[in-house]
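Some notes on the structure that comes next.
The values are calculated or read from the model by the stated rules, or taken from the named source; none is laboratory data. Just so we're clear, the structure is a prediction, and the values are computed from it rather than from any experiment. So basically every Cβ, Gly included, is an ideal-geometry build from the backbone, and we count neighbours across all protein chains shown.
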Amino acid sequence: MNIILLGPPGAGKGTQAQRLQTDVGMVQLSTGDMLRAAVKSGSALGQKAKDIMDAGKLVPDELMVGLIEDRIAQPDCAKGFILDGFPRTEAQAEALDEMLARTGKKLDRVIEMEVDEQALTERVVGRFTCARCGTGYHDKFKRPRVEGVCDVCGSKEFSRRKDDNAETMKTRMAAYRAQTEPLLPYYRAKGVLKTVDGMAAMDEVYRQIRAVLAGA
Ligand code: AP5
């Protein structure tokens, strides 16, 4: 099964995609994670993306489409993938339709994570991840079981994203409203859109997503 998790910054896309990947074996394709890896490696893509990401704006479509097209073609994606952070513009959505049609794949569901905008800044400002394995945590909503130690790999090193601050969130939200929100009617018209309550507790959001997938 191939799905998209769609929602604003901090809606919980990465949290839920990680859990689905662990439980169901679908592959999480987070364009944000891919770009951050490119920035860290100093590749040509990373050099182009760094300042744009730090400012909270969107990286150009042609770079993103090439990135996801290469990734979807990898053999592990044959068992199903979760797009987390892509598409983010109508041009990306159209390019995705075209690449799926060309490779004989199909999009089974687009899951909108509906959230209250006011809660999102608190979510992203409190977020941190394990610097070794990438597991996500939150100062208030999801602390490690043992303080200062990653639940999954035992690392004691954590990192915070440079764009996770209240000021940059304003630009990220504006980009979401102007460029990504129009994808909701786009996918509704195709009959694949379902909505879950992204304001519920993490386990309940996950239960709702699994229910949507069970009915797909
Ligand atoms: P990206 O990394 O995709 O960031 P984003 O869309 O802003 O999404 P986030 O990762 O911030 O949020 P999330 O929904 O995954 O939330 P999470 O699960 O972590 O993109 C970063 C940048 O890269 C973009 O700004 C852009 O520059 C560029 N980019 C990426 N893709 C692009 C594309 N396709 N085109 C162009 N540019 C692109 O949750 C957040 C926090 O809340 C966590 O701490 C979590 O523990 C907590 N939380 C989650 N769920 C709940 C809950 N139910 N209750 C309480 N807390 C919760």
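Miscellaneous remarks
- Whichever residue in region 72-95 is touching a residue at least 40 places away in the same chain (Cβ under 8 Å) and of a type in the set (Gly, Ala, Ser) and, among such residues, is farthest from the ligand (Cβ to nearest atom): GLY80
- Looking only at residues of region 4-30 that are within 8 Å of the chain's Cα centre (by Cα) and surrounded by fewer than 23 Cβ atoms within 10 Å (Cβ to Cβ), we find that the one that is nearest to LEU83 (Cα to Cα) is SER30.
- Among the candidates ALA119, ALA131, the residue that is small (Gly, Ala, Ser) and either more than 10 Å from the ligand (Cβ to nearest atom) or on the phi > 0 side of the Ramachandran plot (or both) is uniquely ALA131.
- Exclusive hit being touching a residue at least 12 places away in the same chain (Cβ under 8 Å) and either surrounded by fewer than 14 Cβ atoms within 10 Å (Cβ to Cβ) or not aromatic (Phe, Trp, Tyr) (or both), set VAL152, VAL146: VAL152
- Single unsatisfied condition, LYS57 versus (1) within 8 Å of the ligand (Cβ to nearest atom); (2) exposed (fewer than 14 other Cβ atoms within 10 Å of the Cβ): (2)
- ALA200 being surrounded by 12 or more Cβ atoms within 10 Å (Cβ to Cβ), at pLDDT 95 or above, under 30 Å from ALA95 (Cα atoms) and within 14 Å of the ligand (Cβ to nearest atom): no
- Between LEU67, LEU35, LEU45, LEU5, the distinction of being in contact (Cβ under 8 Å) with a residue 40 or more places away in the chain and either within 25 Å of HIS138 (Cβ to Cβ) or more than 8 Å from the ligand (Cβ to nearest atom) (or both) belongs to LEU5 only.
- Filter result for ILE111 (surrounded by 12 or more Cβ atoms within 10 Å (Cβ to Cβ), hydrophobic (A, V, I, L, M, F, W, C) and more than 10 Å from the ligand (Cβ to nearest atom)): yes
- Single condition PHE158 does not satisfy, out of (1) touching a Lys or Arg at 6+ places or on another chain (Cβ under 8 Å); (2) at pLDDT 95 or above: (1)
- Within region 8-32, the set of residues being polar (S, T, N, Q) and without any contact (Cβ under 8 Å) to a residue 60 or more places away in the chain comprises THR22, GLN28, SER30, THR31.
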